[in-house]
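Heads up: the structure comes next, in structure tokens.
The values are calculated or read from the model by the stated rules, or taken from the named source; none is laboratory data. None of these values were measured; they are calculated from a predicted model. FYI the Cβ positions are ideal-geometry reconstructions off the backbone, even for glycines, and counts take in every protein chain you see.
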Amino acid sequence: MSNRKVVLVDGVRTPFCRISSEYADLRSYDLARLALKGLKEKLALDENPPDQVIMGTVISNVATSNVARDAMLGAGFAVSTPAYTVTQACISSNRAITNACDQIMTGHAETVVAGGVEVMSDTPIGFSKAFRKRLMALPKAKGPADLLKIFKGFRLSELKPQQPAVAEFSTGLTMGEDADQLAAEFGISREEQDAYAMRSHQLAAQAWAEGRLAEQVLTISPPPHFRVLAEDNTFRADTSMEKLAGLKPVFVKPHGTVTAGNASPLTDGASAVALMSAGQAQRKGYRPLARIVDYVYTGQNPRGELLLGPAYAIPRLLARQKLTLSDIDVFELHEAFAGQVLANLAALQSRKFAQERLGLDQPVGEIPLEKLNTGGGSLSLGHPFGATGARLVTTAAHRLHQEDGQFALVAACAAGGLGSAILIERI
Amino acid sequence: MAYFEIEQQDEIAVIWLDQPDSKVNTLSARMLGEFESLLDKLEQDDSIHGAVLISRKADTFIAGADIEAFTRMKSSEEARALSEQGNALLLRLQRLNKPVVAAIHGAALGGGLEVALACHYRIASTGDKTVLGLPEIKLGLLPGGGGTTRLPRQIGLVKALDLLLTGKNIYPRPARRAGLVDELIHPPGLLQAAVAAAREGRRSKPARLPLWQRVLTATPAGRHLLLAQARKTVLKKTGGHYPAPLKILEVLQTGLDEGLEAGLKAEGRAFAELHASDAHRYLVRLFLAMQARKHNPLKVSFQPVEKLGMLGAGFMGTGIAEVSIEKGMQVVLRDLDHARLAAGLKRLWQDLGRKVKRRIISDFRRDELLSRVHPTVEVQDLRHCDMVIEAVFEDLDIKRKVVAELEAALPEKAWIASNTSSLPIADIAAASRRPEQIIGMHYFSPVPKMPLLEIIITEQTAPEVQAAAIDVGIRQGKTPVVVRDGPGFYTTRILAAYMNEALELLAEGVPVDALDRAMKAWGFPVGPVALMDEVGIDVGAHIGRGKLTELFAARGIEGRDTLQKMEAQGLLGRKNGKGFYLYPKRGRKRPNPALQRFFPEANSNPDQSDWQWRLAAVMVNEAIYCLQEGILQSAEDGDVAAILGLGFPPFRGGPFAWVDHIGAAMLLQRIQGFEQRFGARFRPADLLVEMAEKQQRFHPQ
């Protein structure tokens, strides 16, 4: 990579909240705005305005299709700062961050704000294609004869609201079905999945209790109720193996292994980070947390390898940087499903996977659990699609300081069979 | 022609209004003179088939009449002549057989809107600065250029009454809905649209009214009913102290019953009568005094405030934040915990929400405005502020601690304003390392509504801090009045004297509601007792324990401790629903029966005029003390502050104007009479005695 170093000054996020809870009245624009405003205030970015704002999102609202622009304006950033929105499924804000890195490394920008947002409570629900076709033809109608023609063959069933499903477009499978299948393929039992989920919830509760997350999370009081929110409402400190075992499989019935308890919940949230060239950070008197060293994106077959992104991306990034897993002190893996995390860990340890899928002689190695997601993960903290990447990066950087490490590795899978890995080094 | 420039676009004459050497266009005798020759040209030039009236000024069409010229008019004959001249011209314009289109961008107020109303078609721009209205009533006048007569013909009597009797502004979209303008367009397209409309010979049609209005206003009987109802409301609201609204109703009736020309004639007569009224004289003087205070009198250079720190997210703090962000300032809003901040943010959001609902601003604009508020619990977040206003609890020790804390966090050049209502600023500054950077900024609640800012300077306050504070006030849309430091400064001090006298009257057995009614009849918007409930009994009691009481005691005045006793009983006023009055959740307030514990039931003083005289005299006498002691820098300051801050009856011109009006000797005689009855409370100020002896006035005749 180029010799212009990119540093992460700091990052923030809103509390992550379960769908239709605290943020039920908000749009993605609102939550993105609050995250951007919080970052601006925390880092006095009104004194040092960014050159670009990039936000990731998945479910976009037609009214704010470039939500980055609308939200940054609503957050009071300068109109002269350009802004755009990226989408790459669950790694959208990873993409926002790495695009920012590219812009800084190539000298196109000194400061970039990157982040992401998802307000699943505001998922647009539409009419069926058949009915929309009729609606679009309406303005052209001249007279009752045309109207009759347009509504010829109309059926009431066309009016049924169409809610977008979390399903893979190319395969038609829901992601839960894929996770169920992947867990089975790697021999991950229901108990192992539940145990991993419980670990995630307990670690999240512990991290909150010990104050390790508070500095990454904004205290906000969003309209219209202005209730003060300072903590995620997604994790369950009191969960137990018994409770988890009692849940029924949701995607593959009756004998699948993925349940609501070992899958990440539908979540609303927004996150943002400030990235600068090392020189800029120094000139402006910031003390950055970490350096963004390198990143890779990978593509796999959505049929069967949909959620194996980390297992592909991690070895490729390590190879680029001539590092091994043992050089990494902090791992932040996106937890879409407990089965998916465990399958990826298993794949990395598998000689067969290394040889057949990665073209390597030796297995990549083991990610020790004590270095992995020590403050919880998407299972417990929630997973607002577009916002998770920036959460992972911010948390990884903070963990490098909390846990006194040098390198952190952030990895995630995404719909479409995509993988992302980002390497971070403590400053 | 100096005021008009004609540019011919084929057969359409585009008439550019451009008053020389002025930022705005105003109506004046000279302008009307030129207008006359313009009309001649329009009538006679056959190459002209129509005309467009448009302004060259950035943000005004015509801002109204030249108010100062009004004050120079010596006789009501002159005023009448001006009205008649204007009306004759506008009638000629209306009867011109070529279409004239008013292209309105910016303010079209008073005479400006009257000119537009005489045109045949009106197009308004949707620009932020476009605003229409007939605010004459606010100056104790009526629209005398045909506005009173033409408005109901254009938009119906019901809507016309609303605009004429309130003088309120109306913005482009509501104006279009009301039928006041015929068409809207974005500012850049205004000229082209107006030329096209003139070319097509478009003519405005009266607004289509709802059926009930058409039925009600179709017959004289219906109209009279409506006007009689309006008259009742007016009398109730003004106590009969203001002649203008009544004249407006008369002229409306004449115009509707007897036709346009009779209406215009009546306008001229009424305009002349009102021009000669005291209410008009005092309201204009107040207007000019307020205008004068919109310019910073200090010529020292200073750093204009861009980022303002606000300590305390209560009612006051959010009010100050609101008027600051609307004028482009950034605000760091600090309070001790997030719950208070959230409550403050909610209040801000809801306040701006009223504007969103009335479509004055968009939802997005509200977000953008609120993005300028940085809520925080960390005092360190104030480090980028140019100044900080503290609105923490009214306690000297707390304020001193806060000042020390702020000085540690703020950059050297940042200054601190205390929003105290009674604590001497010098006492607060005594704890400061940089006392020259401490100033008082006394805002009035609710801040977005109340126009006064009382700025308090100490011996040490640096001129550049004073200049910057005045600048902040002006930008926040306030009328700043600078006073010198002392217990209660000016407004709180004269209010305290007045309130104390009200307590004395209650102690004589005067019923609370009767006393309030009496002072409302005298012209105050709220009676003294209801005001104590609004301010808060605890606040009043707290002030009563402070330095102000020492000041009065030194003159031999013993304050009553009723407020402290009431506070101890949990009677806090409006805030907890029980004070002098009880405030039920539903229904009207009523006198609190618990007051029997504090006041006698039998009224030993049934003379209402005695109450009024005593209350007025005690307040005005205290105001004269303030002038004499140099707390006030001028009598005009005292008048402006009492009217804007305390609701002193505007038609009386303020405490000092009122003394001039009744005569210093007459007032002195009254006060001396009261002194004999009540002692030190009515010891006349030396200055009053002197003025009475020398037969002097506070304001020039």
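Couple of notes before you dig in:
- Listed by position, the helices (runs of 4 or more DSSP H) contained in segment A:334-427 that have at least 3 residues being under 22 Å from the mean Cα position of the chain (by Cα) and aliphatic (A, V, I, L, M) are A:338-349, A:388-402.
- Residues that are without any contact (Cβ under 8 Å) to a residue 24 or more places away in the chain and within 24 Å of the chain's Cα centre (by Cα), drawn from segment A:120-165: A:A165
- Highlighted here are the strands (runs of 3 or more DSSP E) found entirely within segment B:89-180 that include at least 3 residues which are out of contact with any Ser or Thr (no Cβ under 6 Å at 6 or more places or on another chain) and closer than 25 Å to B:K357 by Cβ: B:131-133.
- Among residues of segment A:33-61, those that are among the hydrophobic types (A, V, I, L, M, F, W, C), within 21 Å of the chain's Cα centre (by Cα) and more than 11 Å from chain B (Cβ to nearest Cβ), counted: 7
- Within segment A:294-304, the presence of a residue that is surrounded by fewer than 20 Cβ atoms within 10 Å (Cβ to Cβ), free of Cβ contacts under 8 Å to residues at least 60 places away in the same chain, away from chain B (no Cβ under 14 Å) and not in a strand (DSSP E or B) is excluded.
- Test: residue in segment B:372-393 that is within 13 Å of chain A (Cβ to nearest Cβ), within 24 Å of A:A71 (Cβ to Cβ) and without any contact (Cβ under 8 Å) to a residue 12 or more places away in the chain: no
- Any pair with Cβ under 6 angstrom, 6 or more apart, that starts in segment A:398-427 at a residue that is modelled with pLDDT under 95 and ends at one that is outside any loop (DSSP other than H, G, I, E, B): A:I427/A:A290; A:I427/A:R291
- The residues of segment B:426-462 that are closer than 15 Å to B:V388 by Cα and in contact (Cβ under 8 Å) with a residue 40 or more places away in the chain, listed by number, are B:G440, B:M441, B:H442, B:Y443.
- Single unsatisfied condition, A:D70 versus (1) touching a Phe, Trp or Tyr at 6+ places or on another chain (Cβ under 7 Å); (2) away from chain B (no Cβ under 14 Å): (2)
- Candidates A:E231, A:E191 - the one that is over 25 Å from B:V377 (Cβ atoms) and either part of a loop (DSSP other than H, G, I, E, B) or modelled with pLDDT of 95 or more (or both): A:E191
- Across segment B:292-332, the qualifying residues are those that are part of a helix (DSSP H, G or I) and hydrophobic (A, V, I, L, M, F, W, C), and the one among them that is farthest from B:R383 (Cα to Cα) is B:A292.
- In segment B:249-264, the count of residues that are outside any helix (DSSP H, G or I) and within 25 Å of B:L644 (Cα to Cα) is zero.
- Single match in B:D363, B:D337 (criterion: surrounded by fewer than 18 Cβ atoms within 10 Å (Cβ to Cβ), within 11 Å of another protein chain (Cβ to nearest Cβ), out of contact with any Lys or Arg (no Cβ under 9 Å at 6 or more places or on another chain) and in contact (Cβ under 8 Å) with a residue 40 or more places away in the chain): B:D337
- Criterion (assigned to a loop (DSSP other than H, G, I, E, B), of a type outside the set (D, E, K, R) and crowded, with 21+ Cβ neighbours inside 10 Å) met by exactly one of A:L275, A:L307, A:L244, A:L317: A:L307
- Flag if B:K575 is part of a loop (DSSP other than H, G, I, E, B), outside the structural domain of B:P649 (by TED's automatic domain parsing) and farther than 26 Å from B:D427 by Cα: no
- At least 2 residues being of a type in the set (D, E, K, R) is the threshold, and among the helices (runs of 4 or more DSSP H) wholly inside segment B:584-676 those reaching it are B:608-628, B:635-646.
- Subset of segment B:494-524 that is assigned to a helix (DSSP H, G or I) and under 22 Å from the mean Cα position of the chain (by Cα) - its residue that is surrounded by the most Cβ atoms within 10 Å (Cβ to Cβ): B:I494
- Restricting attention to segment B:5-49, the residues that are over 20 Å from B:I62 (Cβ atoms) and in contact with a Lys or Arg (Cβ under 7 Å, 6 or more places away or on another chain) total 3.
- Answer from B:R614, B:R683, B:R670 - the residue that is under 26 Å from B:A553 (Cα atoms), of a type in the set (K, R) and crowded, with 23+ Cβ neighbours inside 10 Å: B:R614
- Within segment A:73-89, tally of residues that are within 14 Å of chain B (Cβ to nearest Cβ) and at positive phi: 1
- A:E215, sole failed condition from (1) within 30 Å of B:K346 (Cβ to Cβ); (2) away from every other protein chain (no Cβ under 14 Å); (3) part of a helix (DSSP H, G or I): (2)
- Members of segment A:1-28 found to be surrounded by 24 or more Cβ atoms within 10 Å (Cβ to Cβ) and of a type in the set (S, T, Y), listed by number: A:T14, A:Y23, A:S28
- Whichever residue in segment B:306-317 is farther than 17 Å from B:E394 by Cα and more than 12 Å from chain A (Cβ to nearest Cβ) and, among such residues, is surrounded by the most Cβ atoms within 10 Å (Cβ to Cβ): B:G309
- Residues in segment B:29-38 include none that are assigned to a loop (DSSP other than H, G, I, E, B) and of a type outside the set (G, A, S).
- Positions within segment B:351-360 being surrounded by 15 or more Cβ atoms within 10 Å (Cβ to Cβ) and either without any contact (Cβ under 8 Å) to a residue 24 or more places away in the chain or of a type in the set (D, E, K, R) (or both), in sequence order: B:D351, B:G353, B:K355, B:V356
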